[in-house]
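Note sheet for the following structure.
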Amino acid sequence: MRNVHLSSLEDYKRELAKIANAHSQNCLTTTGKWNPGQIIGHLASWIEYGYEGYPTKKPTFLIRWYLRFGFRQMLKSGMRPGGRVPGTKTGTVGDDDIPFGIAYGRLTRAIERLSSGEKAVYEMPEFGPMSHEDFTELNLRHAELHLSFLQFSVPRLQPTSG
């Protein structure tokens, strides 16, 4: 895994540009179970859900209380791999296998929407109501986790005939 730290949405945009460049040069690999399109699409979905609605239900009160209790620490120190969204088959949602270009377009549009200051209409079922700043920070931590599974490889030189 790569160490990814995003201090702002501008950092996020720069990181995505590097990822798109590596993808276009066939130099993008993953260290996890998902391909690059799934990772980028998943990140887009989680921003979009704040504006269009979440496909998950609220977890039990006890789970929500536990998650809310650790919320500030998570915003400060980041997310860890292996977390699961309660009530989902695969542990999360928005992990569809979609082409990289489509996922990239969705994510760049979602980040622009977030950058515009537009407030999320829907509460995240796990955490409840939050400020725009917290919603942004949570999406930065989420991106750090998932983008850390994307690696940049050195392009292979093609043999020349001659």
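Derived scalar couplings between HN and Hα for segment 130-145 equal 8, 6, 4, 5, 5, 4, 5, 4, 4, 5, 5, 5, 4, 5, 4, 4 Hz in order, rounded to whole Hz, by the Karplus curve 6.51 cos²θ - 1.76 cosθ + 1.60 (θ = phi - 60°), x for Gly and Pro.
Sequentially through segment 16-23, phi angles give Karplus couplings (6.51, -1.76, 1.60; θ = phi - 60°) of 5, 5, 5, 5, 4, 5, 4, 4 Hz, Gly and Pro residues having no value and appearing as x. The ranking of Thr29, Thr90 by Cβ neighbour count inside 10 Å, starting from the fewest, reads Thr90, Thr29. Toward the positive end of the charge dipole of segment 33-162, with +1 on the Cβ of Lys and Arg and -1 on the Cβ of Asp and Glu, the farthest Cα among Phe61, Leu107, Ser148 is that of Phe61.
Pairs of Lys residues in the chain that lie 8 or more places apart, or on two chains, and have C-alpha atoms under 27 angstrom apart add up to 16. The dipole here belongs to the chain: it is taken about the Cα centre, uses +1 on the Cβ of Lys and Arg and -1 on the Cβ of Asp and Glu, and is about 420 debye.
Once backbone amide H atoms are built at 1.01 Å from N, Leu28 has Ser153 as its partners under 5 Å, excluding neighbours fewer than 5 places away on the same chain. Taking 7 Å steps out from each Cα toward its Cβ at Trp65 and Thr30 produces label points 3.7 nm apart. Selection among Gln25, Asn139, Gly70 by position relative to the dipole of the chain gives Gly70 as farthest towards the positive end (Cβ unit charges, Cα centre). Note on Glu123 and Asp97: the model spin-label points, each 7 Å out from Cα along the C-beta direction, lie 3.7 nm apart. Normalised by the number of residues in the chain, the mean separation of alpha-carbon contacts (under 8 Å, six or more apart) gives a relative contact order of 47 percent. Note on Leu140, Leu9: ascending count of other Cβ atoms within 10 Å places them as Leu9, Leu140, the fewest first.
Note on Trp46, Trp65, Trp34: ascending count of other Cβ atoms within 10 Å places them as Trp65, Trp34, Trp46, the fewest first. Estimated purely from DSSP H runs of n ≥ 4, each contributing -39500 (n - 2.57), the mean residue ellipticity at 222 nm for the chain is -16000 deg cm²/dmol once divided by its residues.
The residues neighbouring Arg2, those whose beta-carbon lies less than 12 Å from its own, together hold a net charge of -1 under the Lys/Arg +1, Asp/Glu -1 convention.
Computed from the coordinates by the stated procedures, all read-outs in this text should not be read as laboratory data. What you are looking at is a predicted structure, and each value in this text was computed from that prediction instead of being measured. Note that each Cβ is placed from the backbone with ideal geometry, even for glycine, and that neighbours are counted across all protein chains shown.
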